[in-house]
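Just below is one structure, and these are the notes that go with it.
Coordinate-derived values only; no laboratory data. All values derive from a computational prediction rather than experimental measurement. With ideal geometry, Cβ positions are generated from the backbone for all residues, glycine too; neighbour counts draw on all protein chains shown.
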Amino acid sequence: MTAKSMTFEMLSEGVYAFTAEGDPNTGVVVGTEGVLVFDSQATPAMAQKVLDALKEVTDLPVCYVVLSHYHAVRTLGASAFSGAKVIASHATSELITERGKQDWESELRRFPRLFENHETITGLTRPDILFDECLTIDLGNLKVEIIHPGPGHTGGDTILWLPEQRIMFAGDLVESGATPYCGDAYLHCWPQTLGRLLEMEPLQLLPGRGKAMKSQEGSQTAISTTSGYVSRLYEYASDAVAQGMKLADTFDYIRMKMDRDYSSWVIYEHCLPFNVSRAFDEASGLTVPSIWTAERDKQVWQALQK
């Protein structure tokens, strides 16, 4: 519940990480012709903190804002970057239209601290530039690749790749010391998507939450541990469903299996009910995640009580 200290650090010439002790991260690439921001924070007021940090390193304008996925904490601050073109995968754009408003209302109630000055939000963020699998952006001296490697955390996950530096901004496909949120996940696909990231062999990696990984070994570890969490969650949910357990018993079963290894991770307690609910649904044959609403949040909570 307490406020987190923010850090703005350089990963390589023109490449920066804006992190906040397990709160959502933002990546920045500064080229000779403009700036690209990866994930815009939850509110314009919070995005202003990124802009304030940018003033320390460049006078160039933010030309592009890339959305790693559709969740409110990643998208709703985009209006602070006046004049910037918003980039997203087609799948992310469709999810914003289908469930962006419900997600905004649900997330604000779940985790109000992450929506500082939420009254500054001007509405849903609508992308200006859409792509299917890959888009290259030229910032002058730097070219970045924006890639949709496959579903995982959501159906539209997007990463940013700097091929010369081999630096990756992974969004919430990868976490470091923080619990993956799986409420809108495609759990059977997520490990395969992470396998594609491993094959790219990043030398540095900015996860969606947690500190930046500044080595190839650290990057591989962040990807692998995220994959391990997701795989175990789905495996245990599948076991529980096969045994005929209901949701509340499945929650207890998964918690017993995972507490020892993951309970120290950031937002573990917060994520677990949503993660178990989605894993239970997917293991029961519900391929497409159900839309979360504030009402559904309460219904799931009630279903978990005994």
Step through the table entries Lys101/Lys211; Lys49/Lys85; Lys257/Lys298; Lys246/Lys298; Lys101/Lys257; Lys49/Lys143, compare each Cα-Cα distance with 23 Å, and write down the pairs that go over it.
-> Lys101/Lys211; Lys257/Lys298; Lys101/Lys257; Lys49/Lys143
Beta bridge orientation in the chain: antiparallel %, DSSP, nearest 5 = 65 percent
With the contact rule set at Cα under 8 Å and sequence spacing of 6 or more, what percent relative contact order holds for region 1-127?
-> 23 percent
When a/c is below 1.5 the answer is rounded, else prolate if a/b is larger than b/c, else oblate, so apply that to region 1-115 with a ≥ b ≥ c taken from the square roots of the Cα gyration tensor eigenvalues.
-> oblate
Burial ordering of Leu36, Leu139, fewest other beta-carbon atoms within 10 Å first | Leu139, Leu36
Kindly provide the pair-distance distribution of region 7-304 built from C-alpha pairs, with 5 Å bins from 0 and whole-percent values in order of increasing distance.
-> 1, 6, 13, 17, 20, 17, 13, 8, 4, 2, 1, 0, 0
Checked region 164-245 against the a/c 1.5 cut and the a/b vs b/c comparison, axes a ≥ b ≥ c from its Cα gyration tensor; verdict prolate
Using a simple spin-label model with points 7 Å from Cα along the Cα→Cβ vector, what separation in nm is obtained for Glu295 and Asn117?
-> 3.4 nm
Per the Cα gyration tensor, region 229-306 corresponds to an equivalent ellipsoid with semi-axes, largest first in Å, of 17, 16, 12
If amide H atoms are modeled at 1.01 Å from N in the peptide plane, then the residues at a separation of 5 or more from Met245, or on another chain, having amide H under 5 Å from its own are none
With the 8 Å Cα cutoff and a minimum separation of six or more residues, the chain has a relative contact order in percent of 16 percent
So if R0 is 30 Å, what FRET efficiency would Met10 and Thr136 give, r being the distance between their Cβ atoms, rounded to the nearest 0.05?
-> 0.85
In debye, nearest 20: dipole of region 7-304 around its Cα centre with unit charges on the Cβ of K, R (+) and D, E (-)?
-> 440 debye
Quick one: compute the contact order of region 151-234, relative version, from alpha carbon pairs under 8 angstrom and 6+ residues apart, as a percent.
-> 34 percent
Exactly which trypsin sites (Lys or Arg not before Pro) in region 2-77 are in a DSSP loop and have at most 16 other Cβ atoms within 10 Å?
-> Lys4, Lys55
Please give the net charge around Leu11, taking every other residue with its beta carbon less than 14 angstrom from that of Leu11, where Lys and Arg add +1 and Asp and Glu add -1.
-> 0
Using DSSP to define loop residues, name the GluC sites (Glu not before Pro) in region 1-69 whose beta-carbon has at most 14 other beta-carbon atoms within 10 Å.
-> Glu13, Glu33, Glu56
